[in-house]
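Enquirer: Have a look at the structure that comes next, please.
The values are calculated or read from the model by the stated rules, or taken from the named source; none is laboratory data. No experiment lies behind these values; they were computed from the predicted model shown. All Cβ positions, glycine included, derive from the backbone under ideal geometry; neighbour counts span all protein chains shown.
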Amino acid sequence: MNRIETDVIIIGGGATGAGTARDLSMRGLRCVLIEKNDIASGTTGRNHGLLHSGARYAVKDHESAHECMRENKTLRKIAWHCIEDTGGLFVTLPEDDPGYHRLLLEGCRYAGIPAKEISIRKALQLEPNLNPGILSAMTVPDGTIDPFRLTSSNMLDAKERGAIILTHTRVSSILKEGSKVSGVSCITKNGDVIEVMAPVIINAAGVWGQEVCAMADIKLPMFPSKGSMLIIDYRINGVVVNRCRPPADGDIIVPGDTVSLIGTTSKEIPYDKIDDYTIDDDEIDILLSDGEKLIPNVKNTRALRAYCGVRPLVAVSGEAEGRNISRGIVLIDHKERDGLDGLITISGGKLMTYRLMAEKTSDLACKKLGVKKKCKTHKVPLPGSESRFSSGRTVKRFSGIPDSVVGSTFYRHGQRLRNIMTGEKKNYRLICECEMVTEGEIEYAIKKLDVKDLVDLRRRTRIGMGPCQGELCAYRGAGLFHEYGGTTPEGSVELLHDFLEERWKGIRPVLWGDGLRESEFTYWIYQGLFGLSHVNNKKKKKG
Amino acid sequence: MIYDCVIIGGGLAGLTCGIRCAEEGLRTVIISGGMNSLHFSSGSIDLAGFTENGSVVKKPFEYIKGTAAKKKEHPYTRVGIPTIRKSLDFFKEKIFFEGITLNHNSDYNHFHVTAIGAVKPTYLSQESVFSSRGKDIIKSGAKIAILNFKGFRDYYPEQTAANLKQHPLFKNSELILGDISLPYYLHTEKNLHEFRSTDIARIFETERYLPRIADEIKRAAGDADAVSLPAFIGINNYREIRGKLEAMTGKFIYEIPTLPPSILGLRIDHAVKNSFFKHGGEYIAGKKIESSVITKGIVESIITGSRGTSSEIKAKYYVLASGSFFSGGLQSGVSSISEPVFDLKVKGDSKRSKWYSWNFFDKKSHPFLSYGVETDSSLNPSTQDGKTVKNLFCAGSVLAGYNPVKEGCGGGVAISTGYKCAERIIREIKK
Ligand SMILES: Cc1cc2nc3c(=O)[nH]c(=O)nc-3n(C[C@H](O)[C@H](O)[C@H](O)COP(=O)(O)OP(=O)(O)OC[C@H]3O[C@@H](n4cnc5c(N)ncnc54)[C@H](O)[C@@H]3O)c2cc1C
Ligand SMILES: Cc1cc2nc3c(=O)[nH]c(=O)nc-3n(C[C@H](O)[C@H](O)[C@H](O)COP(=O)(O)OP(=O)(O)OC[C@H]3O[C@@H](n4cnc5c(N)ncnc54)[C@H](O)[C@@H]3O)c2cc1C
C-alpha cells in the first residue's frame with residue numbers, strides 16, 4: 001500500500017477542487033487532490049459554460065448576482081484564454097410578462113451589473129438570428145467560459161507549484177483519530193489502495209458531497225436537480241441569448257466554439273439517480289421548442305448531442321423546486337456543525353464562482369493550520385493566460401504551420417502554445433480535423449495534463465467534439481495513446497471502445513436526421529469495418 | 001427519350017442491376033447523387049457472416065437456407081438461393097474482366113483481418129486478402145511482417161499485431177512490425193503526415209517508384225515470408241502492381257482495409273462502373289432524384305432538380321437502389337422514418353427511443369439498421385396507402401428486413417437483390 005503525507009487533502013477534481021489546490025499551493029501548502037474519475041468530469045464538465053454577468057439572479061438573489069459580477073471581472077483577467085467575451089442579451093418574447101424587463105434592469109443596477117436597454121433593431125443587429133418578434137431587449141456583460149480548460153489550467157498551476165493530483169482514484173473512507181480527521185483511504189482504477197494522511201480534508205465533491213460526508217458519519221442532505229442541455233451543430237448565435245423572465249426551462253442559448261447550446265431543463269431526481277445521466281425525449285422536445293422561440297433557426301439545425309448535469313445544491317428545508325434554492329456558496333466547518341475537526345465541505349455556488357469558493361475554503365483551511373498567507377489567485381494569471389499576446393502575433397511566430405492550426409491551439413492553450421508546437425511536420429499534423437487538434441497537442445495533453453484515456457483527452461483538447469463526433473480521430477487518438485501514453489496496443493483498442501460508448505451516450509438522445517446518418521457511418525466503420533466488438537480480449541469487464 | 005430502365009443510386013446494388021440490364025440490351029441509365037458505400041467498405045463481399053446470436057457462420061449458403069425458411073421478409077428469402085448463387089457468379093465474372101479477381105473458399109466463409117486485428121468472416125475477397133496461397137502461408141505458421149507507411153496517421157499496426165496474436169488462427173505465426181518510408185516524398189509541399197490512403201495509392205501506381213518501395217519492404221520485413229500493408233497498393237492497375245511487388249520482394253503481400261477512403265472498395269467501385277459502361281450503360285453522376293409522379297400504382301416519371309431547374313426522367317421500369325440513411329435512401333425526422341423519393345411504405349418504429357440500443361456496441365446491434373422499404377416477394381414496394389407499385393423495384397440497403405452489420409450480409413444482399421430486380425425487368429420487357 002502507498003502512503004502519502006501532506007497538509008491538505010482535496011476530494012473532488014471539479015473547478016472548485018482544482019481552484020482550491022491552486023490557491024493552497026500558492027500559499028505554500030502541500031496538498032493532494034483526489035478525483036475518482038477525470039478532472040472536470042462531474043458537474044463542472046456538464047453545464048452551459050456561461051460566464052454569468054449575474055443578471056439571471058439579479059431579481060431574486062442579489063448576493064449571487066453581485067458575486068457573479070465580481071468574479072466575472074476577475075476571471076477575464078486571470079483566465080482570458082478560457083473565456084470568450086461574447087456579451088449577452090435578455091429579450092422579452094410576446095408571451096412573456098413585459099414587466100419583468102423593468103424588474104431585471106432595476107435588479108441589475110442594484111447588484112452593480114451594467115445592463116443596458118437597447119432598441120429591438122439594435123438587438124437584431126447584434127444578433128441577426130434572433131426572433132424578430134421580441135418586445136424588448138437589454139445587453140449584459142455575459143460571456144462564456146470553457147470549464148475543461150479552466151479546470152485543467154488550475155490543475156496545471158497547482159502541479160507546477162508542487163501539488164499532487166491523483167485522477168481515476170476514488171476516496172473510499174475517511175480516517176479519524178478521536179474527534180479529528182487524519183486522512184483518507186482511496187482506491188485507484190487498478191484496485192490499488194493509497195492512504196493519504198493530512199490534518200485537513202476538503203470535501204469539494206459537489207453533489208457527491210453527501211456521500212463523502214457519510215464516510216465521516218455526517219449527514220449532509222443534497223438536493224439533486226438535473227438539468228439537460230442540447231448542443232446544435234452550428235453557431236447560430238454570437239451573443240448569449242437569455243429569455244427575460246424568471247428562470248425556467250429552455251430559456252438560454254449559449255454560443256461556444258463552433259456550436260451553440262440550448263439550456264436547460266430542471267428536474268428533481270432522487271439522490272440514488274445522480275450518476276444515471278439519462279435524458280428523456282420530452283426534455284429534448286422542450287429544449288427544441290423553447291430554443292426555437294428565441295432563435296427560430298434552431299429547427300433547421302442539426303442536434304449534435306445532449307447531456308445533463310446535476311446541480312450540487314445543499315438542501316435547505318422547505319424548498320420545493322431545484323431552481324428556487326439559492327445558488328449561494330455553502331462553506332461548512334464540520335467542527336462547528338458536527339464536532340469533527342479538520343473536515344470542510346464546500347458546495348453550491350457556480351462554475352464561475354469557483355475561485356471565490358476556493359478562496360473562502362483555503363482561508364478556512366489556513367486558519368485551521370495556523371498559516372497566515374493571503375490569497376493571490378485573483379491577481380496571478382493562470383497558465384496559458386500569463387501575458388496577453390494577440391492571436392495574430394502568435395500566429396506569426398509559427399510561420400510555415402497553417403494559421404488556423406496555430407490559431408486553434410492558441411485558443412485552447414493560450415501562451416502554453418509554446419510548450420506544444422514545434423516546426424516538425426509530424427507535430428502539427430491534424431488528428432481531429434473538425435476541431436483542429438494536432439498530434440503535438442495530443443502528446444502534450446497525454447504527457448502533461450493527467451490524461452489517462454481518450455475521454456480525458458477529449459476534455460483537454462476537444463478531440464472528437466466536432467460535427468463528426470469522433471468518426472476518424474477516435475481511431476487515430478487511440479493509436480497515439482499507445483505511442484505517447486504507454487498503453488498496450490490492446491489497451492488502446494479498449495480505450496477506443498470506451499470512447500465510442502461514451503460519445504454514444506450524448507448522441508443517443510438526439511438520434512435523428514444527420515445525427516443518425518453519422519452514427520450509421522461510425523457504426524459501420526468501427527463495427528463493420530474494424531470489428532471492434534469481435535476483438536478477442538474485449539469482453540469480460542463490460543457488464 | 002424513354003428508357004427501359006432507370007436506376008436511382010449507383011452503389012453495389014444499382015450497378016449490379018445496371019450491368020445485367022445493359023448486358024441484355026436494355027436502354028439503362030443510372031442516376032446517382034453522391035458517393036456510394038463502396039468508398040468506405042472493406043472491399044470484401046459479405047454474404048452471411050454471423051448467426052442471430054453472433055457466432056461465426058461457416059457455410060453461408062447452408063445458413064441462408066436454414067434461416068430463409070424462418071424470416072419471410074428477409075431479402076434473401078425474396079431472392080432465393082439459386083439466384084443468389086447466380087448473381088455472385090455473374091458479379092465475379094464481370095469485375096474479373098475489369099482487373100479484379102474475387103476469391104472464395106469454396107462454399108465456406110474465409111477470414112479477413114481488420115485494422116485493429118479482429119478477424120472477420122466474409123465470402124468474396126480480392127487476392128491480396130484471400131487466396132489459397134495466403135491460406136497456406138498462415139496455416140504453415142510463417143513469419144509475417146505487419147508494416148506501415150511511416151507517418152501514416154490512418155493505421156496503427158501495433159494494434160493489428162497485438163490482437164491478432166491472440167487469435168487461434170495466428171497462434172503459430174511470428175508477427176513482426178516495421179515501417180517503410182519513401183524519402184523523396186519529403187519534397188512535396190503537402191504534410192506527408194496528413195496523407196490519406198488515396199494519396200499513397202497514387203504513389204504505388206507510379207511505376208518508377210516500385211523498385212524503391214520493394215527495397216523498403218525487403219528492409220523492413222527482413223526474412224518474413226509474408227508482408228501486410230494497409231490497403232493502398234494502387235487502385236486501377238492494382239493486380240499488376242501487386243504482382244510486381246511480390247516478384248521484386250519475393251514475399252506474399254496482404255492488404256488490410258483501414259480508415260476511409262477505402263482503396264479495396266474503390267477498386268470494386270471502379271470495376272463495376274467500367275463494366276457498366278462497357279455494356280453500354282449511361283451513368284449520370286452528381287444528380288439527385290428529388291421526387292416522383294405515381295398514378296394508380298405506376299411510376300410515371302421521376303424528377304431531378306438542382307437549384308430551380310427541374311427535369312423529368314421517364315422509363316418503363318424504375319429501380320430504387322438509393323442506399324440506407326447514410327446514402328440518403330432513407331431519412332429520419334425527430335420521430336419518423338421515411339423514403340424521400342417515392343414516399344414508400346417503410347418499416348420503422350415511430351418512437352425514437354426504439355431505434356437504438358443503449359450501448360453502441362450492444363450485442364443486439366441497433367434496430368435502425370434493419371429499417372427500410374418493405375416489398376413483396378418480387379421486390380415491388382408499395383405506397384403509404386398499401387398499393388403495390390408495379391413498375392418499381394427496390395434493391396440493396398434501402399430494403400428493410402435485415403441488419404447488414406450484425407448478420408454480415410451487406411454486399412451479398414446488394415448484389416443479389418440488384419440482380420433479381422434486373423431479372424424481373426428483363427422478363428417483363430421480353431414478354
Ligand atoms: C445544468 C447546469 C447548468 C449550469 N450552468 C452553469 C453556468 O452556465 N455557469 C456557471 O458558472 N455554473 C453553472 N452551473 C453550476 C456549475 O456547474 C457547478 O456549480 C460547478 O461545476 C460545481 O463544481 P464543483 O467542482 O463544485 O463540483 P463537481 O464539478 O461536481 O466536482 C466534484 C468532483 O468530485 C468527484 N468526486 C465525487 N466523489 C468522489 C470521491 N469519493 N472520491 C474522489 N472524487 C470524488 C466527482 O467525480 C467530481 O468530479 C450549472 C450546473 C448545472 C447542473
Ligand atoms: C460505411 C459502410 C461500409 C460498408 N462496408 C461493407 C463491407 O465491408 N462489406 C459488405 O458486404 N457490405 C458493406 N457495407 C454494406 C453496404 O450497405 C452494401 O454492401 C452495399 O454497398 C450497399 O449498396 P447499395 O447500392 O444498396 O447502396 P449505396 O452503396 O449506399 O449506394 C446508394 C447510392 O444512391 C445514391 N442516392 C441516394 N439517394 C439518391 C437520390 N435521391 N437520387 C440519386 N441518387 C441517390 C447515393 O448517393 C449512393 O451513391 C457497408 C456500408 C457502409 C455504409
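Enquirer: Out of B:Gly10, B:Gly18, report the one residue that is assigned to a loop (DSSP other than H, G, I, E, B), under 26 Å from B:Phe342 (Cβ atoms), away from chain A (no Cβ under 14 Å) and within 15 Å of ligand 2 (Cβ to nearest atom). I'd like the intermediate steps shown before the answer.
Expert: Working: B:Gly18 fails: assigned to a loop (DSSP other than H, G, I, E, B).
Just one listed residue meets the conditions, B:Gly10.
Enquirer: Then there is this: Which is more than 29 Å from A:Thr522 (Cα to Cα), of a type in the set (Gly, Ala, Ser) and either in the same structural domain as B:Ile313 (by TED's automatic domain parsing) or not in a helix (DSSP H, G or I) (or both), of B:Gly54, B:Gly99? Break it down into steps so the answer makes sense when it comes.
Expert: On the way: B:Gly54 fails: more than 29 Å from A:Thr522 (Cα to Cα).
Every option except B:Gly99 fails the conditions.
Enquirer: Mind listing just one residue for me: the one in the range B:297-329 that is within 22 Å of A:Val510 (Cα to Cα) and among the hydroxyl-bearing types (Ser, Thr, Tyr) and, of those, farthest from the other protein chains (Cβ to nearest Cβ)?
Expert: B:Ser327
Enquirer: Just for the range B:273-296: of the residues that are near ligand 2 (Cβ under 10 Å from one of its atoms) and not polar (S, T, N, Q), which one is nearest to the other protein chains (Cβ to nearest Cβ)? Outline the logic, then answer.
Expert: Residues of the range B:273-296 that are near ligand 2 (Cβ under 10 Å from one of its atoms), as a first pass: B:284-292.
Imposing the further condition that a residue be not polar (S, T, N, Q) reduces the set to B:284-290.
Values: B:Ile284: 23, B:Ala285: 20, B:Gly286: 19, B:Lys287: 20, B:Lys288: 15, B:Ile289: 18, B:Glu290: 18 Å.
Within the range B:273-296, the match that is nearest to the other protein chains (Cβ to nearest Cβ) is B:Lys288.
Enquirer: Something else about it: Hey, any hits in the range A:459-472 for a residue that's out of contact with any helix residue (DSSP H, G or I) (no Cβ under 9 Å at 6 or more places or on another chain), at the interface with another protein chain (Cβ under 8 Å from one of its Cβ atoms) and either surrounded by fewer than 21 Cβ atoms within 10 Å (Cβ to Cβ) or at positive phi (or both)?
Expert: Checked the range A:459-472: no residue is out of contact with any helix residue (DSSP H, G or I) (no Cβ under 9 Å at 6 or more places or on another chain), at the interface with another protein chain (Cβ under 8 Å from one of its Cβ atoms) and either surrounded by fewer than 21 Cβ atoms within 10 Å (Cβ to Cβ) or at positive phi (or both).
Enquirer: Taking the range B:368-398, which residues are in a helix (DSSP H, G or I) and within 14 Å of another protein chain (Cβ to nearest Cβ)?
Expert: Of the residues in the range B:368-398, the ones in a helix (DSSP H, G or I) are B:368-370, B:396-398.
B:Phe368, B:Leu369, B:Ser370, B:Ser397, B:Val398, listed by residue number.
Enquirer: Let me ask you something else. Select from the range A:230-250 the residues that are within 15 Å of ligand 1 (Cβ to nearest atom) and modelled with pLDDT under 95 and write down the one among them that is surrounded by the most Cβ atoms within 10 Å (Cβ to Cβ).
Expert: A:Gly250
Enquirer: Mind checking whether some residue in the range A:129-144 is within 29 Å of the chain's Cα centre (by Cα), assigned to a loop (DSSP other than H, G, I, E, B), at pLDDT 95 or above and within 15 Å of ligand 1 (Cβ to nearest atom)?
Expert: yes
Enquirer: With within 11 Å of ligand 1 (Cβ to nearest atom), modelled with pLDDT under 95 and under 18 Å from the mean Cα position of the chain (by Cα) as the only criterion, which of A:Gly227, A:Gly263 stands out? Outline the logic, then answer.
Expert: Values: A:Gly227 fails: modelled with pLDDT under 95.
Exactly one residue qualifies, and that residue is A:Gly263.
Enquirer: Any residue at all in the range B:21-33 that's within 14 Å of chain A (Cβ to nearest Cβ) and away from ligand 1 (no atom under 16 Å from the Cβ)?
Expert: Restricting attention to the range B:21-33, the residues satisfying the condition of being within 14 Å of chain A (Cβ to nearest Cβ) are B:33.
Remaining after also requiring away from ligand 1 (no atom under 16 Å from the Cβ): B:33.
Yes, that holds for at least one residue.
Enquirer: Can you pull out every residue in the range A:412-435 that is surrounded by fewer than 24 Cβ atoms within 10 Å (Cβ to Cβ), within 14 Å of chain B (Cβ to nearest Cβ) and either in contact with a Leu (Cβ under 6 Å, 6 or more places away or on another chain) or touching a residue at least 40 places away in the same chain (Cβ under 8 Å) (or both)?
Expert: If the condition is that a residue be surrounded by fewer than 24 Cβ atoms within 10 Å (Cβ to Cβ), within 14 Å of chain B (Cβ to nearest Cβ) and either in contact with a Leu (Cβ under 6 Å, 6 or more places away or on another chain) or touching a residue at least 40 places away in the same chain (Cβ under 8 Å) (or both), then A:Glu433 is the only one that fits.
Enquirer: Now a separate question. Tally the residues that are in a helix (DSSP H, G or I) and without any contact (Cβ under 8 Å) to a residue 60 or more places away in the chain, restricting the search to the range B:218-239. If you could, list the steps in order and put the result at the bottom.
Expert: Initial filter on the range B:218-239 (in a helix (DSSP H, G or I)): B:218-221, B:238-239.
Now narrow it down to the ones that are without any contact (Cβ under 8 Å) to a residue 60 or more places away in the chain: B:218-219.
Qualifying residue count, the range B:218-239: 2.
Enquirer: Here's another thing I want to ask about it. Does B:Gln384 satisfy being out of contact with any strand residue (DSSP E or B) (no Cβ under 7 Å at 6 or more places or on another chain), assigned by TED's automatic domain parsing to the domain that holds B:Glu52 and farther than 30 Å from B:Val57 by Cα?
Expert: Details: out of contact with any strand residue (DSSP E or B) (no Cβ under 7 Å at 6 or more places or on another chain): yes; assigned by TED's automatic domain parsing to the domain that holds B:Glu52: yes; farther than 30 Å from B:Val57 by Cα: yes.
Yes; evaluated as a whole, the condition is true for this residue.
Enquirer: If you go through the range A:199-224, how many residues are charged (D, E, K, R) and within 11 Å of ligand 1 (Cβ to nearest atom)? Step through it out loud before you land on a result.
Expert: Initial filter on the range A:199-224 (charged (D, E, K, R)): A:211, A:217, A:219.
From the residues that got through so far, the ones that are within 11 Å of ligand 1 (Cβ to nearest atom) too are A:211.
Residues in the range A:199-224 being charged (D, E, K, R) and within 11 Å of ligand 1 (Cβ to nearest atom): 1 in total.
Enquirer: Quick check on the range B:374-420: of everything there that is within 11 Å of ligand 2 (Cβ to nearest atom) and without any contact (Cβ under 8 Å) to a residue 60 or more places away in the chain, which residue is nearest to the chain's Cα centre (by Cα)?
Expert: Only one residue tops the list, namely B:Val405.
Enquirer: Among residues belonging to the range A:104-122 that are surrounded by fewer than 16 Cβ atoms within 10 Å (Cβ to Cβ) and in a helix (DSSP H, G or I), point out the one that is farthest from the chain's Cα centre (by Cα).
Expert: A:Arg121
Enquirer: Does the range B:357-399 hold any residues that are surrounded by fewer than 22 Cβ atoms within 10 Å (Cβ to Cβ) and touching a Pro at 6+ places or on another chain (Cβ under 9 Å), and which are they?
Expert: Passing the criteria: B:Ser357, B:Ser370, B:Glu374, B:Thr388.
Enquirer: Which count do you get for residues in the range A:269-284 that are surrounded by 12 or more Cβ atoms within 10 Å (Cβ to Cβ), more than 14 Å from chain B (Cβ to nearest Cβ) and charged (D, E, K, R)?
Expert: 1
Enquirer: State all residues of the range B:41-55 that are on the phi > 0 side of the Ramachandran plot and within 7 Å of ligand 2 (Cβ to nearest atom); if no residue qualifies, say none. Write out each step before concluding.
Expert: The first filter runs over the range B:41-55 and keeps only residues on the phi > 0 side of the Ramachandran plot, leaving B:43, B:54.
B:Gly43 - this is the single residue of the range B:41-55 that is on the phi > 0 side of the Ramachandran plot and within 7 Å of ligand 2 (Cβ to nearest atom).
Enquirer: Is it the case that B:Pro75 is within 29 Å of B:Asp376 (Cβ to Cβ), surrounded by 19 or more Cβ atoms within 10 Å (Cβ to Cβ) and assigned by TED's automatic domain parsing to the domain that holds B:Cys409?
Expert: Details: within 29 Å of B:Asp376 (Cβ to Cβ): yes; surrounded by 19 or more Cβ atoms within 10 Å (Cβ to Cβ): yes; assigned by TED's automatic domain parsing to the domain that holds B:Cys409: yes.
Yes, satisfied.
Enquirer: Okay, moving on. Go through the range A:172-198 and report how many residues are crowded, with 23+ Cβ neighbours inside 10 Å and more than 12 Å from ligand 1 (Cβ to nearest atom).
Expert: Summing the residues that are crowded, with 23+ Cβ neighbours inside 10 Å and more than 12 Å from ligand 1 (Cβ to nearest atom) in the range A:172-198 gives 3.
Enquirer: Related question: For B:Ser332, indicate whether it is at positive phi, within 14 Å of chain A (Cβ to nearest Cβ) and of a type in the set (Ser, Thr, Tyr). Break it down stepwise before answering.
Expert: Values: at positive phi: no; within 14 Å of chain A (Cβ to nearest Cβ): yes; of a type in the set (Ser, Thr, Tyr): yes.
No.
Enquirer: Here is a list of conditions, (1) assigned to a loop (DSSP other than H, G, I, E, B); (2) modelled with pLDDT under 95; (3) within 27 Å of A:Tyr277 (Cα to Cα), and A:Lys60 meets all of them except one; can you say which number that is?
Expert: All conditions are met except number (3).
Enquirer: Being farther than 25 Å from B:Glu240 by Cβ, within 11 Å of chain A (Cβ to nearest Cβ) and out of contact with any helix residue (DSSP H, G or I) (no Cβ under 8 Å at 6 or more places or on another chain) is the filter here; which residues of the range B:110-149 pass it?
Expert: Result: B:Pro121, single match.
Enquirer: Tally up the residues in the range B:227-266 that are hydroxyl-bearing (Ser, Thr, Tyr) and more than 16 Å from ligand 2 (Cβ to nearest atom), please.
Expert: Filtering the range B:227-266 down to residues hydroxyl-bearing (Ser, Thr, Tyr) leaves B:228, B:238, B:249, B:254, B:258, B:262.
Subsequent filtering for residues that are more than 16 Å from ligand 2 (Cβ to nearest atom) retains B:228, B:238, B:249, B:254.
Residues meeting the conditions: 4.
Enquirer: State which residue is nearest to B:Ile256 (Cα to Cα) when the search covers only the range A:519-543 and only residues that are more than 7 Å from every other protein chain (Cβ to nearest Cβ) and modelled with pLDDT under 95.
Expert: Among residues in the range A:519-543 that are more than 7 Å from every other protein chain (Cβ to nearest Cβ) and modelled with pLDDT under 95, the one nearest to B:Ile256 (Cα to Cα) is A:Lys538.
Enquirer: Additional query: Looking only at the range B:342-364, count how many residues are out of contact with any strand residue (DSSP E or B) (no Cβ under 9 Å at 6 or more places or on another chain) and outside any loop (DSSP other than H, G, I, E, B). Outline the logic, then answer.
Expert: First, pick out the residues of the range B:342-364 that are out of contact with any strand residue (DSSP E or B) (no Cβ under 9 Å at 6 or more places or on another chain): B:351, B:353-354, B:356-364.
After this cut, where a residue has to be outside any loop (DSSP other than H, G, I, E, B) as well, the list is B:353-354.
Residues in the range B:342-364 being out of contact with any strand residue (DSSP E or B) (no Cβ under 9 Å at 6 or more places or on another chain) and outside any loop (DSSP other than H, G, I, E, B): 2 in total.
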